[in-house]
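Below is one structure, written out as structure tokens; the observations come after it.
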Amino acid sequence: MKSHPLTRREALKTAALGAAALPFLGSLALGADAGKKKAKAEAAPSPTLYPPAAPDGRENGLRLGVASYSLRTLPLDEAIATVKTLRISNIALFRAHCNWEAATVDEVKAVSAKLKAAGLTLSGSGVVNLPNDEAKCRKAFENVKAAGMQSMVCKPDLDALKLVEKLAKEFDQKLAIHNHGPEDKVYPTPDVIWNAVKNLDARIGLCIDVGHTQRFGDDAATAIRKYAARVYDVHMKDSVAVIGAQRDVPVEVGAGRLDIRGMLRALLEIKYNGVVAFEYEKTGVNPVIGLAESVGFVRGALAAFAKA
């Protein structure tokens, strides 16, 4: 794994924190103005550090999103508000925000309606466990379909793969199987996932967790290129854990050992159409600043690529 200089990171950290603060700057300015100045400020466009994202959340070639595990200690409404503050429109909901395995269809429809009202797209889920039990699997499929989820991030039991394939076809639902690194005895790497699903229906693909991939000792950028046709989700993070570590040591994106720019270049090269979902795991206490720094680093890198 490659390290990168921190001087650029410091600049991007400032950009990230500025990006997080932008929605509040207008209100502060309005408080200082009066009369015609106030009216003029209200009519003027808000200042931005980056151009507006496309309707699908695409910025300089990639769709950015947030995995709500990053905000696992916040209630759903606060998680939604945070994602909007970061000017991101794609969200993948962790089970603390919607329990895909156990919720009712009416409950998930209510959550989906709340996201739509906030202008957010439900791009994925936290890892949904899919056992070799048709009733339990069917319930999860019914829930994600009712919510309008783009790709179910999941972990099927190996002996459930044929059942899961049948349901993926029936519900016309994309699945993205998540790798969890050295401690995962079923799907430690993208390679293992690929070998398990390559002969199954093309709706069944991969969620490449770049941190766990690198911690295992594989190269995430190589995996992205190698399995481009079936990469349906990406969990973006950074880590200072060494290869083979049984426990991750997550940090802000740009502060760790991972070659983030190399991974972003690989995603751009394959014209990746899924979501790059930030999964900030360093802390569940006051996670917003670290998440904002991570988003800012990636935005800065993508902006630099676009200008090169």
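The values are calculated or read from the model by the stated rules, or taken from the named source; none is laboratory data. All of these numbers come straight from a predicted model, not from anything done at the bench. Note that each Cβ is placed from the backbone with ideal geometry, even for glycine, and that neighbours are counted across all protein chains shown.
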Residue that is farthest from VAL128 (Cα to Cα), among those in region 162-220 that are in contact (Cβ under 8 Å) with a residue 24 or more places away in the chain and of a type in the set (S, T, N, Q): GLN214
For the structure I just gave you, tell me whether TYR232 is farther than 27 Å from ALA79 by Cα and of a type in the set (Ser, Thr, Tyr). no
Among the listed residues ARG72, ARG95, ARG87, which satisfies the condition of being of a type outside the set (A, V, I, L, M), at positive phi and either touching an Asp or Glu at 6+ places or on another chain (Cβ under 8 Å) or buried (at least 17 other Cβ atoms within 10 Å of the Cβ) (or both)? ARG87
Suppose we filter region 144-170 for residues that are in contact with a Lys or Arg (Cβ under 9 Å, 6 or more places away or on another chain), over 13 Å from ILE204 (Cα atoms) and either of a type in the set (A, V, I, L, M) or buried (at least 17 other Cβ atoms within 10 Å of the Cβ) (or both); how many remain? 3
Yes/no for ALA241 being more than 20 Å from VAL186 (Cα to Cα) and touching a helix residue (DSSP H, G or I) at 6+ places or on another chain (Cβ under 7 Å): yes
Which numbered condition in (1) surrounded by fewer than 21 Cβ atoms within 10 Å (Cβ to Cβ); (2) within 17 Å of the chain's Cα centre (by Cα) is the only one that LYS114 fails? (2)
Could you tell me which numbered condition VAL153 fails, if it satisfies all but one of (1) touching a residue at least 60 places away in the same chain (Cβ under 8 Å); (2) more than 20 Å from the chain's Cα centre (by Cα)? (2)
Any residue at all in region 113-120 that is at pLDDT 95 or above, of a type outside the set (D, E, K, R), in contact with a strand residue (DSSP E or B) (Cβ under 8 Å, 6 or more places away or on another chain) and closer than 23 Å to LEU291 by Cα? yes
So, in region 229-273, of the ones that are among the hydroxyl-bearing types (Ser, Thr, Tyr) and touching a residue at least 40 places away in the same chain (Cβ under 8 Å), which residue ends up farthest from MET149 (Cα to Cα)? TYR272
Can you tell me which residue is surrounded by the fewest Cβ atoms within 10 Å (Cβ to Cβ) among those in region 273-296 that are among the small types (Gly, Ala, Ser) and not in a loop (DSSP other than H, G, I, E, B)? GLY290
Quick one: in region 171-187, which of the residues that are of a type outside the set (A, V, I, L, M, F, W, C) and buried (at least 18 other Cβ atoms within 10 Å of the Cβ) is farthest from LYS139 (Cα to Cα)? PRO182
Quick one: which of ALA255, ALA220, ALA229, ALA176 is farther than 24 Å from SER123 by Cβ, touching a strand residue (DSSP E or B) at 6+ places or on another chain (Cβ under 9 Å) and of a type in the set (A, V, I, L, M, F, W, C)? ALA255
